[in-house]
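Structure first, commentary second.
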Amino acid sequence: CSGRYCSEDAFLWNVRSLMVLPSFLEDKIKSTFEELERHLDPADMETRAVYNHFRSVWLGVFPPSLWCRHDCLFRTNNFAESFHASLSRQLTQHHPQFSVFARHVIRLIHESRTSLTENDSIQNSGGA
């Protein structure tokens, strides 16, 4: 890690604060962004550039209605990361033949469905 993101706490905090915005209610995202922006150091042009970019892209081109995660059941992509890690562990080559790749994906999907079904059965029976 290098640059201001790794060496300056204020810069890190200001940039990471933007990452929390998708978890807010959609109608609170813009006002929360503006509140964060009000607290920026006026002389810090690099941080202001990040915030200007965020405003033009993530409040302009792609409105919060597209990326607000407040009411979502899954607020992270951990399940996708887990699936990818499992698939990577099963594959012995970086670029396997399609049939090998498909066989592993199908096996993982089957294992995931079986696991979910077993978990549902346990929960519905009052078990763990």
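The values are calculated or read from the model by the stated rules, or taken from the named source; none is laboratory data. Please read these numbers as outputs of a predicted model, since none were measured by experiment. When we count neighbours, we look across all protein chains shown, and the Cβ atoms used for this are built from the backbone with ideal geometry, even at glycine. Side chains included, ligands, DNA and RNA excluded: accessible areas come from the protein's heavy atoms. Shrake-Rupley method; radii C 1.70, N 1.55, O 1.52, S 1.80 Å.
Quick check on my filter: what residues within the stretch 19-39 are touching a Lys or Arg at 6+ places or on another chain (Cβ under 7 Å) and surrounded by fewer than 16 Cβ atoms within 10 Å (Cβ to Cβ)?
Hit for the stretch 19-39 is 23, nothing else.
Please identify the pairs in which a residue from the stretch 43-63 that is of a type in the set (Ser, Thr, Tyr) has its Cβ atom under 8 Å from the Cβ atom of a residue that is open to solvent by 80 Å² or more (accessible area, probe 1.4 Å), counting only partners at least 6 apart or on another chain.
47/41
Starting from the stretch 10-30, take each residue that is assigned to a helix (DSSP H, G or I) and list its partners that are among the β-branched types (Val, Ile, Thr) and open to solvent by less than 70 Å² (accessible area, probe 1.4 Å), counting only C-beta distances under 7 angstrom and pairs at least six apart or across chains.
Final answer for the pair search is 11/47; 14/47; 15/50; 21/29; 21/32.
Suppose we filter 79, 74 for residues that are of a type in the set (A, V, I, L, M, F, W, C), part of a helix (DSSP H, G or I), farther than 18 Å from residue 11 by Cα and at pLDDT below 95; which single one remains? Please lay out each step first, then the result.
On the way: 74 fails: part of a helix (DSSP H, G or I).
Just a single option satisfies the conditions, and that option is 79.
I need the full set of residues from the stretch 65-101 which are over 25 Å from residue 113 (Cα atoms), in contact with an Asp or Glu (Cβ under 9 Å, 6 or more places away or on another chain) and either open to solvent by 100 Å² or more (accessible area, probe 1.4 Å) or small (Gly, Ala, Ser) (or both), in order please. If you could, list the steps in order and put the result at the bottom.
Taking the stretch 65-101 as the starting set, the residues that turn out to be over 25 Å from residue 113 (Cα atoms) are 65-68, 70, 93-95.
Remaining after also requiring in contact with an Asp or Glu (Cβ under 9 Å, 6 or more places away or on another chain): 65, 68, 70.
Hit for the stretch 65-101 is 65, nothing else.
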